Structure formats: structure tokens, C-alpha cells
Amino acid sequence: MDAHAHAAEHEIEIPHAVYPRPDTGLYNGKLGIWLFLASEVMLFGALFSSYILLRTGSMNWPRGYTFLNIPLATANTFILIASSVTVVLAWANLRLGNLKLGRIFITITIACALLFLVNKGIEYHHEFVEGRSPSTNNFMALYFTLTGLHGLHVIGGIVVFAYFAGPGAKMWHTDRNRYTNRIEIAGLYWHFVDLVWIFLFPTLYLL
Amino acid sequence: MAPKRQLRVGKEWMYAGDAEKLLREAMRIQEEEDARHEGHKQSFIRKYVFSIDHKWIGIQYGFTALCFLLFGFSLMLLMRLQLGWPGHSFSIMKILGESRAPGGILLPEAYNQLGAMHGTIMVFLAIVPLAVGAFGNYLVPLMIGAPDMAFPRLNMASYWCYLPGGLVMLASFAATGGTAQSGWTSYPPLSDIATEGQTWWLIGMIFLITSSLLGSVNFIVTIIQLRAKGMTWMRLPFFVWAQFVTSFLLLLAFPPLEAAGILQLMDRVAHTSFFLPSGLVVSGTKLAVAGGGNPLLWQHLFWFLAHPEVYVLILPAMGIIGEIIANNTRKPLWGYKSLVGAVGFLGFMSFVVWAHHMFMTGMGTVISAFFQTTTMIISIPSVIILTALLMSLWGGSIRFNVPMLFALAFLPMFGIGGLTGLPLGLAATDIHLHDTYYVIGHFHYVVAPGTIFAMFAGIYYWFPKITGKKMNEFLGKVHFWGSFVAINGIFMPMFAQGLAGVSRRLYDGGLQYHHAKEIAAATNPFMSISAWTLFAFQMPFILNFFWSIAFGKKAEANFWHATTLEWAATTSPPLGHGNFAVIPVVQRGPYEYSSPEYTETDYLPQHHVIGAPPATAGGGMLTAAAVAQREA
């Protein structure tokens, strides 16, 4: 429809790629990300179920709160919640036509995500120094597997946002709506990553 | 930019049909010239390797999956030699190398490897990619009147996750200690302590799962968002419904297997013990792991995928059969609404039957009773579907062409497969039949003369669509009758063996069982000969396939006189990227054959407007333009 779609590549136009289909009220990408998140729910759902099964079958389950760093993890929780707010602000500003502010908020989101990973790294380092590794027991195995998989999701989010804040932002000048949609989709994903942590934190650190 | 802009572009297409056609033609010529200027090599890669056109991706999937199908079959051919004549030396076995078959005699561990990889390759690399990746990709956008899938690049990515996944699986044969050997189910603790090949298997699976997830998101969005104007839910061809439900199964059932795969990978690489119980003794020594794990956890996670997976294997096949039966009986499918309802209910129920694979694990009678009940319930929609397809034949003037022969054979074959499943779904009878050749016979009847016959039916049916050429009918009939007889020769004796108690994983085919020795000795050579005969009867197909692509006679656009959009509204093969010269407007349901309100031909295409010029071959575009003028 715009210069972008016809530029360089002889691409055909996919209906409802940017604007919602009237009867569903969704554009393609938004429906796609919700479906993807449904599959993510099943992925983490299976892992949380495994946690329940292994814990209920265990005679002496280690309690995370006796040795894990709760203050740091609490701080991390608030950092991720803050990043979820900033990603909404980024999208809202783009909707209002303010690319500059939008990019600033995307950058803050990335900074929060990086800070989260640094804190996580400090925790991991501490565990290894104390001699706790995935093979120690099933609690530690689950701790490293779940937080590791969550960490991979955080890294994935950083890569996506870094692209949109950097080279991907060029699209703003050719197809503003599509660019804004992309931030919305990435934001939905980011909320999910946040939500997973909100379940992980009590499961591993408090219960 | 206001939202109405895109709509207007859409409308312009409708109102200026002929101008649009010219424009398209001009763009196509321009594109060709550009491609010539850009240099041959780049355009070749863009067009044939990293293509984003759903049709080419479908062909890529199809060709790769057929190669894997043949490869998976050939592994079984070697196993059948060993089963038919245990301990004999076969010169062909020497291709496995000295480490697996010294002197042409297959070793037990090599037999296990062939068995594990036969299952894995057939399910994850052959049938699913063929049924969903190839047929779904090629046909769904065409059938719903879409220019492509909703996310063409994601579509390309899913093929390019599938292929590396397959290559990793193949490469695992070269791993130290050979490839995976714990069966396609990879049950721990054996799989946890197996050789390196199992790690490769897990990595390959993660690629394949990613591919399926990307594909399923794409299919669902495409079917919900890209249906052409007038293509309401109850006007979708049954095939599209089948693909829609299948995609939901892939989307929601695969992630738990991915989780299981990650946990097993952790067990093998990071030495965790998710699936390793305390105090496990291996080869006389206690395993040095933390313990406390649960091998049953794997089984639950695995079957949470693998039971829906069964329906992933069968639903697209049923969709194909539905299309072919309606077309070749020249009448509407019987009970379209019941079919749609049944397929949706089947999809839902398939998530709550998984533990009927685990009756023998000691889960307890309450859980067994629950899963036995749900299993009996899920047989109802299957019976509805099969009955509706069977009733569709009633009163039709049946054309016995090659696709229809395969479709007709599907019905009794799937019937046998389905009905023999009932005793397995009941906990009491399953105690006797569990893990015997009866199970092998049951699911192979569903998947081999069931799904694979449906795949062949689909290939023969849509071949003129995809290539614009005809296939040879005589060679097709040789292929059909030979395969039909031979495949029953393989699987029918399995029921007798299983009832006699022959276990499914025996290296010598059951000769070591005193009570089963006679039946094993009497049937195994015959079954093995049947397997090789089946292989021989695939030669006419392979010959026919390539010969027809190269030298086949040109087929008219709507070769089978079908009503659905992929045949009626575009050329064969369809226009380049974009599919339709003008996106058709759908007027009616998918199976208006022999309609009393239309007497010019015995088929009334979905987009044809009565009174407009007749829908001749490739004339779909004209009709669509006529619709546009009418509406104006």
C-alpha cells in the first residue's frame, strides 16, 4: 500500500497486514502473537506442571527462601514491571506520532531488561560459588532450567527491541502504522515474559 | 493515514477487473525482466531456495517429505529382512557398515536404531510435513481465496527449521554409538542414559517443534483473516476445516513435548535427574546422579503431544478424502455440518485422552477409568466422520479414477485401524494387547493404508493443479492395486501375532517366545515379502511422478471439474506470487455438484454467479470480474 510494500521487492500485498479485518477486529500480526503466546502458555504450563509433579513426589524438597537472594529477586520483579510500563508508554507515544519519545521508552525498556539479566547473572554466579549447580538436586535443576528459559526469552526481547529502536525504526518514515503495530506486538510478548517471571518468583523464591 | 485506504485498494481490484489483469501481466513481465537484469543466480535463490511464495514452499515441503518417506520406509525394509529371516546374512545389509551389520547380519542395537528412526522419521519428518506442510501450504490459501499465507516470511522460516531438523536427524546416524535407539517415544530412563545419538535426536526435535509452531500460527491466522469476501465459515471446504483444527493441535500440543525435550536435554547434558529416579542401577553400578526424578513425567508430557499428534496425522488425510469423494461422486458431501462439528470436537477431545497409552504404568484404576471413558467418547466423532464420508458415496455416479481409488480404499482401511483401536482403549483388554504387534497393526492401519493412501490420493488429485500436467492413469492403477494388496499382507498378520502375545520390539520377530514361535515363523517371512513387494509397487509411482512432470500431457485448468476455488478461480499452475488475477467473491458452499438450480454443467463453482459467462477452464477470472460489475 505504501512505498514500503512496493519498494525493491516485488511483493504482493497481504490483506489485513496493518489494518484490522472488520469482522475479527484484529490485524494479522496481533492475532499471530496471541496464538504464539497461547503456545508459550502451554510450554511454561508443562514446565510448571513438572515442578508440581516432582515436588509432590519428593521426600525433602529444598526451600528456595532458605538460600536464594530474595531482595535481589524482588528488585528484579519491580524492574520487569517497570519495563512493561515503559513499553506501553513507547507504544502510546508512537500512536500519538512521537517517534523520539517512543524510541526513548523502548531504550529504557531495553535498559531494564539488561539490568534484570545482570542481577540474574549475579545470582547465578553466587549459586555456582556456593557449589549449587543443575545437577545438585531437582530443585536446583528446575531453578536453572526455568530461569534459564525465561532468561532466553528476555534476551529474545532485547534483540527485538534493539532492532526496533535502531535500524528497524526506519520503517516509521515509510509505514508508520506498521511500525507502531510491531511495537504493540513486541509489547504483548514482553508483557508475557514479565508475567512468567511473576509466576516464577513466588514459585522458586517464596514457596 | 486512515484505515479506509486499504479497503479502497481492495475495491479498486474489484471494479477494474480487466485493467487489473493487464496491470498484473505488465508487472509480471517487468518482474521477469528485472530478474533477468539482476542476474540469474540471485533470482534463482530468491525464487527456489528462500522462496516466500506459499506454493513453492508447499512444493519444497512435499518433495522433502516424500524423500523422508522413502528413507523411513527403507529403514523398515532392512528391519523386515531381519524379522523374516533372523540371523541370516544379507548383502544389502552391508550398506549399514561393519559396526552395525558385520558380515551382513544386523546387530540388535542397530535394529533398535532402525526402529527408533523409522518411527521418528515417518511421523515427524514425512507424514506431518506432507499432510500439513505440503498440502496445507499449497492448498489452504488457494481454497480460501487468499494471495498467500498471512506471514510469508514466517512460512519460509518454518520450512527452514524443518529441513535442518531433518538433517540433524540424518546426521545422528554418524554419532558415536549410532543414532537414537530408544524408540520414537524415547522413554527414560533408557533414553537418558543412551548413547550420544539421543542428544542429536532431541536437538533435531527442537528444530521440528519450532517449525510446527511457526507453521500452525501461520495457518490459523491465514484461515481466520484471509478468507475472501463471501467465504464464510460454513462455506469453507472440509479440507480447510481439517487443517484449521490440525493447526490448533500442533499449536497447543507441541509445546509440552518441547518442555519435555528441554528437560531430557538437561538430563543428558547438564546431568540433572528430572526423569531419573533415586537408586537407579545401570550395568551393575549405581548411577551417580542426584535422583528424585520421575520417568512417568516424560510419558505424560510425551503423550500429551503424541496423542493429539495422531489426529494431526489423520485429520488432513480426512480433509483430502472429503474433497476427492465429493468431486468424484459428483454430489455434495453428506452431512457437511456434522463433519465440521465432529472435526472440532475430535480436536478438543484429543487433548484429554493421552494417558490411554499408559494403562500399564500403574497410574491407578480411577485415572485409567477416566481416560478409558474419554477414549470411548473420542471414537464417536471419528465414526461420524467415517460414516459421513461413506454415506457420501450413496447414490453418486462414482468416477473410478486413481485418486478416487485411493480415497475409496482409505475408508475400509481407516475403519479397520479405528475399530481395532477400541480394545486398546479399554484398560482390561489393553493389559493383554499392550506393546504387542497388535498395537503396531492398529496404528499402521490408521497411518499407512489410511493416511499415506490419502496422501497418494491427494498427490494424484492435485498433481494437474500443481504442475499443469496429467499423470498416467495406467501406472497409477498399477501403483494402487499393488500397494493395496501388499500393504494388507504386511499389517493384517500383525493382529494375529499380537493376539498370540508377540511383543513389538523383538529383534528376532518373536521366535524366542515358546507360545508364539509357530505364528511368528509362519507369518514373518510372508510379511517381509509383502513389505518388499510394496516397495516394488512404489516404482510405478516414482516413474509416473517424474515422467509426468517432464513429458506429461497438458491438463486443462479445472481438470476434475471441481467447484472449489483452487481449481475454479485460477489457472493451473496458479499465477505467480498472488494466486488470483482477481480475488474471487464467494457465492455459495464448496460442494455444489449436480445442483438442480444450475444445469449448464454438473458443477457450480463457489464463486460463479448464475447468469454470468460459464465457468470454463481458467475462466474464473472473467466470472469474478462479472461479479464485480454486477455489484457495481
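FYI, it's all coordinate maths here, none of it is from the lab. The model shown is predicted, which means the values in this text are computed figures rather than measured ones. Note that we place each Cβ from the backbone using ideal geometry, even for glycine, and neighbour counts take in every protein chain shown.
Take peptide A:99-111, look around each residue's Cβ out to 10 angstrom, count Cβ atoms belonging to other protein chains, and average those counts.
Values: counts 0, 0, 0, 0, 0, 0, 0, 0, 0, 0, 0, 0, 0.
Mean number of neighbouring Cβ atoms from other chains: 0.
Could you go through the range B:93-101 in sequence order and give the Karplus-derived ³J(HN,Hα) for each residue, using 6.51 cos²θ - 1.76 cosθ + 1.60 with θ = phi - 60°, rounded to whole Hz, and x for Gly and Pro?
5, 5, 5, 6, x, 5, 6, 9, 9
Which whole number gives the average, over all residues in B:217-223, of C-beta atoms from other chains lying within 10 Å of the residue C-beta?
Across B:217-223, the average partner-chain Cβ count within 10 Å equals 5.
Tell me whether the protein assembly as shown comes out rounded, prolate or oblate; compute the Cα gyration tensor, take square roots of the eigenvalues as a ≥ b ≥ c, and use a/c under 1.5 as the rounded threshold.
oblate
Can you give the convex hull volume of the alpha carbon atoms of chain A per residue, in Å³?
Spelled out: Cα convex hull of chain A, divided by residues, is 139 Å³.
Using the Cα centre as the reference, give the magnitude of the dipole from point charges on the C-beta atoms of the range B:34-191 (Lys, Arg: +1; Asp, Glu: -1; all else neutral), rounded to the nearest 20 debye.
Dipole of the range B:34-191, to the nearest 20 debye: 180 debye.
Enter the Cα centre distance for the pair the range B:208-241 and the range B:57-71, rounded to the nearest angstrom.
After rounding, the separation between the Cα centres reads 21 Å.
Given Cβ point charges of +1 (Lys, Arg) and -1 (Asp, Glu) and nothing else, what value in debye, to the nearest 20, does the dipole of the range B:208-328 about its Cα centre take? Kindly include the intermediate steps, with their values, before the conclusion.
Values: 5 positive and 4 negative charges, 41 e Å.
I would put it at about 200 debye.
What three numbers, in Å, describe the spread of the alpha carbons of chain B along their principal axes, ordered from the longest?
Result for chain B: principal-axis Cα extents of 83, 53, 53 Å.
In degrees from 0 to 90, rounded to the nearest 10, what is the angle of the helix B:539-551 Cα long axis to the longest principal axis of chain B?
Here the helix axis deviates by roughly 30 degrees.
Taking K and R as +1 and D and E as -1, what net charge do the other residues with C-beta under 15 Å from the C-beta of B:Ile490 add up to?
Cβ neighbours under 15 Å give a net charge of +2.
Go ahead and run the numbers for FRET between A:Ile81 and A:Thr24, Cβ-Cβ distance against an R0 of 25 Å, rounding to 0.05.
The formula returns an efficiency of 0.25 here.
If you take each beta carbon of peptide A:23-29 and count the beta carbons of other chains within 10 angstrom, what is the mean?
Average per residue, whole number: 4.
Starting with the fewest neighbours, write out B:Glu473, B:Glu258 ranked by other beta-carbon atoms found within 10 Å of each beta-carbon.
Ordered from fewest to most neighbouring Cβ atoms within 10 Å, B:Glu473, B:Glu258 come out as B:Glu473, B:Glu258.
For the range B:426-518, run through the trypsin sites (Lys or Arg not before Pro) and keep only the ones in DSSP coil with at most 15 other Cβ atoms within 10 Å of their Cβ. Don't jump to the answer; show the numbers that get you there.
Details: sites: B:Lys465, B:Lys469, B:Lys470, B:Lys477, B:Arg504, B:Arg505, B:Lys517; in loops: B:Lys470, B:Arg504, B:Arg505.
When the trypsin sites (Lys or Arg not before Pro) of the range B:426-518 are filtered for loop state and at most 15 Cβ neighbours within 10 Å, B:Lys470, B:Arg505 remain.
Would you mind getting the Kirkwood hydrodynamic radius of the range B:376-425 from its Cα pairs, rounded to one decimal in Å?
About 12.0 Å, per the Kirkwood formula over Cα pairs.
For q values of 0.12, 0.22 Å⁻¹, compute log₁₀ I(q)/I(0) with the Debye formula on a Cα-only model of the range B:180-308, without solvent.
Each listed q corresponds, in turn, to -0.55, -1.22.
Which Rg and Dmax, in Å, describe the Cα atoms of the range B:461-590?
So, for the range B:461-590, Rg and Dmax equal 22.8, 70 Å respectively.
Per residue of chain B, what 222 nm ellipticity follows from adding -39500 (n - 2.57) for every DSSP H run with n ≥ 4, rounded to the nearest 500? Present the calculation step by step, with values, prior to reporting the outcome.
On the way: 22 runs with 379 residues, N = 632.
Computed mean residue ellipticity for chain B: -20000 deg cm²/dmol.
Let me know the Kirkwood hydrodynamic radius for the range B:86-129, please, with Cα pairs as the basis and the value in Å to one decimal. Don't skip to the end; give the middle numbers.
On the way: mean 1/r = 0.0891 Å⁻¹.
That comes to 11.2 Å for the range B:86-129.
With point charges of +1 on the Cβ of Lys and Arg and -1 on the Cβ of Asp and Glu, referenced to the Cα centre of the range B:488-621, which listed residue (B:Phe537, B:Leu511, B:Ser572) lies farthest in the positive direction of the dipole?
Of the options given, the answer is B:Leu511.
Please return the longest stretch of chain B lacking exposed loop sites, where chymotrypsin sites (Phe, Trp or Tyr not before Pro) count only if DSSP places them in a loop and at most 10 other Cβ atoms lie within 10 Å.
That would be B:1-393.
Could you sort out which of B:Lys47/B:Lys553; A:Lys120/A:Lys170; B:Lys47/B:Lys465; B:Lys477/B:Lys553; B:Lys55/B:Lys465; A:Lys170/B:Lys47 sit more than 22 Å apart by Cα distance in this structure? Each step should come with its number before you reach the end.
Values: B:Lys47/B:Lys553 25 Å; A:Lys120/A:Lys170 33 Å; B:Lys47/B:Lys465 19 Å; B:Lys477/B:Lys553 18 Å; B:Lys55/B:Lys465 11 Å; A:Lys170/B:Lys47 27 Å.
Correct reply: B:Lys47/B:Lys553; A:Lys120/A:Lys170; A:Lys170/B:Lys47.
In units of 2.2 N^0.38 Å, what is the alpha-carbon radius of gyration of the range B:152-196?
Against the empirical 2.2 N^0.38 Å value, I get 1.49 for the range B:152-196.
Rounded to whole Å and sorted largest first, list the principal axis extents of the Cα atoms in the range B:339-484.
57, 33, 28
Going from the alpha-carbon gyration tensor of the range B:97-167, what semi-axes, largest first and in whole Å, does one get by taking the root of 5 times each eigenvalue?
Each semi-axis is the square root of five times an eigenvalue, giving 38, 12, 7 Å.
Answer with one residue from B:Phe559, B:Trp160, B:Val352: the one whose Cα lies farthest towards the positive end of the charge dipole of chain B, charges on Cβ with Lys, Arg +1 and Asp, Glu -1.
My answer, from the dipole projection, is B:Phe559.
Report the charge-dipole magnitude of the protein assembly as shown in Debye, nearest 20, computed about the Cα centre from +1 at each Lys and Arg Cβ and -1 at each Asp and Glu Cβ.
It works out to roughly 660 debye.
Roughly what angle does helix B:517-536 make with the longest principal axis of chain B, taking Cα atoms, 0 to 90 degrees, to the nearest 10?
Result, in degrees: 30.
Considering just Cα atoms, how many Å³ per residue does the convex hull of the range B:509-566 enclose?
Per-residue hull volume (Cα only) is 156 Å³.
Can you find, among B:Ala369, B:Thr210, B:Ala427, the residue farthest towards the positive end of the dipole of chain B? Put +1 on the C-beta of Lys and Arg, -1 on that of Asp and Glu.
Farthest along the dipole direction, towards plus: B:Thr210.
Under 5 Å between amide hydrogens, which residues at least 5 positions from B:Ser594 or on another chain qualify, with H placed 1.01 Å from N in the peptide plane?
So B:Ser594 has HN proximity to B:Tyr603, B:Leu604.
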